[in-house]
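The values are calculated or read from the model by the stated rules, or taken from the named source; none is laboratory data. Here the structure is a predicted model, which means the values were calculated and not measured. Note that each Cβ is placed from the backbone with ideal geometry, even for glycine, and that neighbours are counted across all protein chains shown. Just the protein is used for accessible areas: all its heavy atoms, side chains included, with ligands, DNA and RNA removed. Shrake-Rupley method; radii C 1.70, N 1.55, O 1.52, S 1.80 Å.
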Amino acid sequence: MEHLWLIPALPLAGFALNGTVGKRLPQIAVSLIAVAMPVLSFLWVLKTLSSLGSLETAYIERYFTWIESGALNIGVDFMVDRLTAVMLLVVTGIGSLIHLYAVGYMAHEGGYYRFFAYLNLFMFFMLTLVLGANYLLMFVGWEGVGLCSYLLIGFYFVRKSAADAAKKAFIVNRIGDFGYTLALFLMFVQFGSLDFGKVFAAVAPMPVEHSAGLLTAIALLLFVGATGKSAQIPLYVWLPDAMEGPTPVSALIHAATMVTAGVYMVARSAVIYQHAPLAMEVVAIIGLLTAVLAATIGITQYDIKKVFAYSTVSQLGYMFLACGVGAFAAGIYHVVTHAFFKALLFLGAGSVIHALEGEQDLRQMGGLRKKIPITFAVLCCAWVAIAGIPPFAGYFSKDEILLAAHHHHPWMYWVGVVTAAMTAFYVSRAMFLCFFGQYRGHHHPHESPFIMWGPLAVLAALSLFGGWYFKVPNYLAPLFPLAEGGHEMALVAISVAAGVLGIGVAYVLYVVKPGLADSIASALGGFYKLVYNKYLVDELYDAAVVRPIVHGSRSLLWRVVDVGLIDGCVNGTATLARGVGGVLRAFQSGNIRNYAAWVTLGSVAVLVVLGIAVGGAR
């Protein structure tokens, strides 16, 4: 036995220690516990994968029966196959680096022990999600990471904006999770099990549904859950607001791990989706639309973290595009490379914010490449990686996706290429506004300490060379066929040229002629304002959903149902009891002559009633 349970149990132990006694421990002890546990988990993952070898078949450990009722039998079972192995390495490896970075970033924050307790708890739930051998155990991790996201987004709970963002994330994710839950009910009714092996074995011989059917319904409902967790249309609105949390949270939860859970779940359910082509088409189209929509918004934002947040939403759209066109391995490949360069972008942004004492507005930056050269150097690595410049990490996974999209529908390829150009543009825009030109801020920038830039250097190396070293599609070939589309050099050249074009246009607009961008924005007028205001989607949701619910809750549920009906019944019963009691109290005067009079009157009444009864009988 490989003791898979140790992988999530180690971070859980860190949560338990810091959560219970962390307040009384010195900060160095809290730091050691918080960082050591995910590092040990990472080392145990390496040891386990080394022991298991090639993983041609899944390795499963069964611990105990969790739920048993009639035909339902849910066990606490952990499973490792090649897909799990990839995700375990990303979660524990990138997670450990982010924990180390957070020691420096959060050093002067209040609630230090509480932050790391939450971060370790998140690791536990994310690893449970990845290791679970059935849909219900995956759902435990799924809900757990949602809880930790709520706790960490709202870490600065004294700020109303942070508290509101946490509630928004929690509520929006619950909407998606309702779809996931319905899928589990349908799955159990149809297959009598929620175990991956049993469900997939039952699905495999079934005919492909060329029109909507049960498998299509299950696939679409699972995808509803994925749209919430992985921030896709129409449930993407929570993720940009989640930037209210500390920057390490943005890197770990909202770039490298939790938001990719939906992609992992869809890839894990590939057998179901391959039997439901209509559902796959929906996944591809929603992913592509999300990629385009988020990229356009990212072009107009000035908060450096929100630029990268919309970038995350857009890149997640790429991953779902891959899954929707059947290139599941390419989607997971992008999960891996995205974890490298997007974690680096967020942590690098955190280093900039740290250098500027909390400033996040790109308009208050500029010229920082000479003031914080290490941060600039590592962010350049993420920059070329996300722009898809060969031979860096993002190039490999992005082109796998675009080639597969071209094989499926050529128009998807071209939309993806335009999105790639926009991606290169908005990241270049952020880099030029931040590091080039004259410094426009009011602080005195200073480089981050080694404990922060050390993890950045590792992520920079992975962003540059990770695509060469980690050939994820080849590794996952036993689970998923390699993406069709070949390696047409003309198509690859076009997508690379799109990235170079995006960088070039940004250079002209923000370095060569820095006033030109504002002139274009002014010329675009109302359209630019619409995009800058995020297409007013939040306002639309507020008008169409939030306000009617609040108004209905106050006017109907509160005033009519609660006050009028429930309180009316309860208070009316009390009023009646009080009235009856008042009448009865009049009989309890304490005066003997009154009692004698009442007895006499009662006797007379009884005699009259008896007399009437006897007379009637005669």
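When you check Arg159 against the structure, is it within 21 Å of Pro246 (Cβ to Cβ) and open to solvent by 40 Å² or more (accessible area, probe 1.4 Å), yes or no? Give the derivation first.
Details: within 21 Å of Pro246 (Cβ to Cβ): yes; open to solvent by 40 Å² or more (accessible area, probe 1.4 Å): yes.
So Arg159 fits the description; yes.
Any chance you could count how many residues in region 207-217 are modelled with pLDDT under 95 and surrounded by 13 or more Cβ atoms within 10 Å (Cβ to Cβ)? Of the residues in that region, 3 qualify. Among the residues of region 186-193, is there at least one that is open to solvent by less than 40 Å² (accessible area, probe 1.4 Å) and in a loop (DSSP other than H, G, I, E, B)? Yes, because at least one residue in region 186-193 is open to solvent by less than 40 Å² (accessible area, probe 1.4 Å) and in a loop (DSSP other than H, G, I, E, B). When every residue of region 387-395 is checked against the conditions, none turns out to be open to solvent by 50 Å² or more (accessible area, probe 1.4 Å), closer than 30 Å to His443 by Cβ and not in a helix (DSSP H, G or I). Do any residues in region 509-530 that are modelled with pLDDT of 90 or more have Cβ atoms under 8 Å from those of residues that are assigned to a loop (DSSP other than H, G, I, E, B) and among the small types (Gly, Ala, Ser), where the two are at least six apart or on different chains, and which pairs are they? Pairs that qualify, where the first residue is modelled with pLDDT of 90 or more and the partner is assigned to a loop (DSSP other than H, G, I, E, B) and among the small types (Gly, Ala, Ser), are Tyr510/Gly437; Val511/Gly437.
Exactly one residue among Leu220, Leu137, Leu129 is open to solvent by 40 Å² or more (accessible area, probe 1.4 Å) and either among the small types (Gly, Ala, Ser) or assigned to a helix (DSSP H, G or I) (or both), and that residue is Leu220. Flag: Ile233 does not match the condition of being among the β-branched types (Val, Ile, Thr), assigned to a helix (DSSP H, G or I) and in contact with a helix residue (DSSP H, G or I) (Cβ under 7 Å, 6 or more places away or on another chain).
Take Ser54 and tell me if it is of a type in the set (S, T, N, Q) and not in a helix (DSSP H, G or I). Yes. Out of curiosity, is Phe124 in contact with a helix residue (DSSP H, G or I) (Cβ under 6 Å, 6 or more places away or on another chain), over 16 Å from Phe155 (Cβ atoms) and not in a helix (DSSP H, G or I)? So Phe124 fails the test.
Looking at Ala242, Ala226, Ala255 in this structure, which one is under 10 Å from the mean Cα position of the chain (by Cα) and modelled with pLDDT under 90?
Numbers: Ala242 fails: modelled with pLDDT under 90; Ala226 fails: modelled with pLDDT under 90.
When all the criteria are applied, what remains is Ala255.
Within region 310-322, identify whether any single residue is over 11 Å from Val263 (Cβ atoms), crowded, with 24+ Cβ neighbours inside 10 Å and in contact with a Pro (Cβ under 7 Å, 6 or more places away or on another chain), and answer yes or no. Yes, because at least one residue in region 310-322 is over 11 Å from Val263 (Cβ atoms), crowded, with 24+ Cβ neighbours inside 10 Å and in contact with a Pro (Cβ under 7 Å, 6 or more places away or on another chain). Of the listed requirements (1) of a type in the set (Phe, Trp, Tyr); (2) open to solvent by less than 10 Å² (accessible area, probe 1.4 Å); (3) farther than 29 Å from Ser96 by Cβ, Phe346 misses just one: (3).
To keep it simple, each residue is scored yes or no on (1) among the charged types (D, E, K, R); (2) open to solvent by less than 70 Å² (accessible area, probe 1.4 Å); (3) under 27 Å from His338 (Cα atoms).
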position: Asn18; (1), (2), (3): no, yes, no
position: Val30; (1), (2), (3): no, yes, no
position: Met37; (1), (2), (3): no, yes, yes
position: Leu43; (1), (2), (3): no, no, yes
position: Leu52; (1), (2), (3): no, yes, yes
position: Ala58; (1), (2), (3): no, yes, yes
position: Phe78; (1), (2), (3): no, yes, yes
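Against the numbered list (1) buried (at least 22 other Cβ atoms within 10 Å of the Cβ); (2) not in a helix (DSSP H, G or I), Met243 comes up short only at (2). Filter region 450-473 down to residues that are modelled with pLDDT under 90 and surrounded by fewer than 16 Cβ atoms within 10 Å (Cβ to Cβ) and give me whichever is nearest to Asp81 (Cα to Cα). Ranking the candidates gives Lys471 first. Taking region 459-473 as the range and being farther than 14 Å from Cys381 by Cβ, assigned to a helix (DSSP H, G or I) and either of a type in the set (Asp, Glu) or within 26 Å of the chain's Cα centre (by Cα) (or both) as the test, the residues that pass are Val472, Pro473.
The residue list Glu143, Glu109 contains one member that is in contact with a helix residue (DSSP H, G or I) (Cβ under 8 Å, 6 or more places away or on another chain), closer than 29 Å to Arg82 by Cα and open to solvent by 10 Å² or more (accessible area, probe 1.4 Å), which is Glu143.
Pairs meeting the criteria (first residue in region 370-393 and in contact (Cβ under 8 Å) with a residue 12 or more places away in the chain and under 23 Å from Gly504 (Cβ atoms), second residue part of a helix (DSSP H, G or I) and among the acidic types (Asp, Glu), beta carbons under 8 Å, at least 6 apart or on different chains) are Gly388/Asp399.
Could you tell me which of the residues Tyr528, Tyr595 is in contact with a helix residue (DSSP H, G or I) (Cβ under 6 Å, 6 or more places away or on another chain), aromatic (Phe, Trp, Tyr) and either assigned to a helix (DSSP H, G or I) or closer than 30 Å to Thr296 by Cα (or both)?
Numbers: Tyr595 fails: in contact with a helix residue (DSSP H, G or I) (Cβ under 6 Å, 6 or more places away or on another chain).
Every option except Tyr528 fails the conditions.
Pairs linking a residue in region 1-24 that is more than 17 Å from Val91 (Cα to Cα) and modelled with pLDDT under 95 to a residue that is β-branched (Val, Ile, Thr) and open to solvent by 40 Å² or more (accessible area, probe 1.4 Å), with Cβ atoms under 6 Å and 6 or more positions apart or on different chains, do not occur.
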